[in-house]
1. How much space per residue, in cubic angstrom, does the convex hull of the C-alpha atoms of region 134-238 take up?
2. At R0 = 25 Å, how high is the FRET efficiency between Gln162 and Arg97 if r is their beta carbon distance? Nearest 0.05 is fine.
3. Using the Karplus curve 6.51 cos²θ - 1.76 cosθ + 1.60 with θ = phi - 60°, work out ³J(HN,Hα) for each residue of region 215-220 in order, rounded to whole Hz, and write x for Gly and Pro.
4. Using modelled backbone amide H atoms (1.01 Å from N, in-plane), which distant-in-sequence or interchain residues come within less than 5 Å of Met101's amide H?
5. What are the principal axis extents of the Cα atoms in region 146-191, in Å, biggest first?
6. Going by average Cβ neighbours within 10 Å, how do the peptides 172-181, 208-217 rank, with the highest at the top?
7. Please give the length that would be gained between Arg72 and Glu118 if that part of the chain were fully extended, namely 0.36 nm times their separation in residues minus their C-alpha to C-alpha distance (nm, one decimal).
8. Rank the residues Ser110, Ser100 as a footprinting-exposure proxy: fewest other Cβ atoms within 10 Å of their Cβ go first.
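All of the numbers you see were taken from the coordinates with simple rules; none came from a lab. As the structure is a computational prediction, the values presented were derived from the model and not from experiment. Note: ideal-geometry Cβ built from the backbone for every residue, glycine included; neighbour counts use all protein chains shown.
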Amino acid sequence: MAEWFEEWFGEEYLNLYPHRNEVDAGRLVRLLAQVLPWRTGWRVLDVACGAGRHLAALEQAGARPFGFDLSRALLRRARQGTRRPLVRADMRALPFRGGSMDLTVNLFTSFGYFAEDEEHTDALGQMLATVRPGGWFVIDFLNAEQVRTALVPEEALTLGDQPVRVRRELTLDGRFVRKTITLADGRAFEERVRLLGPRELEAMLEAHGACIAHRLGDYDGAALGAGPRTILAAQVPA
């Protein structure tokens, strides 16, 4: 049986979200350039690059980005905007040489999709393994506590040009948020994300030897907990 993320990030996703916010992508990359010892020419791997909006922002900032994603549809869209190398792969089996990147990033809640935390910890370990000694890893995740306290159970929206109904709920154990998107024709797609708090993410990173250097809460550099995001920047030991 296919995982939910293998079915959802296809043509329907692109139709509903035709233009994810390129402005936010630029804001995030500018933030990274400010808080990290940024160098022109850095080799940057975008883990789960989607349709490539962060790849474009990274390239504009002087990086040499590389992208991979599991979705063929999103990679096709990404190839329209960059000539940089793109690879189809699962983050649990990264096909990149160890220590080959100056910076590896996982952005816009492209994480927390698996059923078991062991899979999450292992995936982070594989991402960290792509970074050279002394290099950097950044994860941009949701603010789990804010999701729990501000959850909107149900609403009718227009995504792209289509009316949809969105239903959100926490699992009984409170560990996951589940979102069901029902299209006008009756088809439904589910997203399920593990609500990992900052300390849980930090523990997973530190289990692989990474040292957390920056903790931020939004794309303008707010303190962790003060915004809608959990942004952690970790350095790989030299």
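1. 132 Å³
2. Values: r = 42 Å, r/R0 = 1.67.
For R0 = 25 Å, the calculated efficiency reads 0.05.
3. Going residue by residue, I get 10, 10, x, 7, 7, 9 Hz, with x marking Gly and Pro.
4. Sorted by chain and number, the residues that satisfy this are Val131, Arg132.
5. Projected onto the principal axes, the Cα atoms of region 146-191 cover 33, 18, 13 Å.
6. Details: 172-181: 13.8, 208-217: 16.9.
In descending order of packing, they fall as 208-217, 172-181.
7. Extra length from Arg72 to Glu118 when fully extended: 14.0 nm.
8. Ser100, Ser110
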